[in-house]
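What follows is a set of notes on a single structure, which appears directly below.
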Amino acid sequence: MSPIKAVGRTFAGLAGKTGKLFRQGDGGAIAGYELAGVEVLGERSLRRFTPEPSPSATSKASEKPFNISQILHPKTFLYIIALTALLLFQIHNTLAIKELSKRNEQLREQLRISTSISTAQELKARELQSIRNIAGSALALGLNSSAVPPVDVEP
């Protein structure tokens, strides 16, 4: 018994129907099969599928060729000019924002420097004011400043 016949009987038994699962046609080649009484492959030949051209593809080919004059209307140029102007305006605004942010950063740095300078001057003014207050309090007590310079003692 050939292996194809044995397989055919096994599958026919699994389907629950008596009949041929594999038909032996041209020299034992598999040509088709029946499953539960419905012919699945039938007498079709096993060849590659080549699609036929669709009607829309043939109609596109039959249309007239591309005509550039359809897009060369004054209205199209007006749209292009308007869009270009908007694009240039947006680019100008973006560059202006970048320039303003640089200037803002420079002004912040100058503000920090001037704040630190004014803070230092304020501390110096408070120190001088406290020295004047101490000198005024010493005069009120009858103490005078000495003409002899102070002596620094180092340990």
ARG112 meets each of (1) surrounded by 10 or more Cβ atoms within 10 Å (Cβ to Cβ); (2) at pLDDT below 90 with one exception, condition (2)
Screening ILE81, ILE91 for residues that are surrounded by 10 or more Cβ atoms within 10 Å (Cβ to Cβ) and within 27 Å of the chain's Cα centre (by Cα) leaves only ILE91
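Could you tell me whether segment 130-152 includes any residue that is at positive phi and out of contact with any Asp or Glu (no Cβ under 7 Å at 6 or more places or on another chain)?
Quick first cut of segment 130-152, residues at positive phi only: 142.
Keeping just the survivors that are out of contact with any Asp or Glu (no Cβ under 7 Å at 6 or more places or on another chain) gives 142.
The answer is yes; a qualifying residue exists.
The values are calculated or read from the model by the stated rules, or taken from the named source; none is laboratory data. In this text, all values refer to a predicted model and were calculated from it rather than measured experimentally. For neighbour counting, all protein chains shown are included, and Cβ atoms are generated from backbone atoms with ideal geometry for every residue, glycine included.
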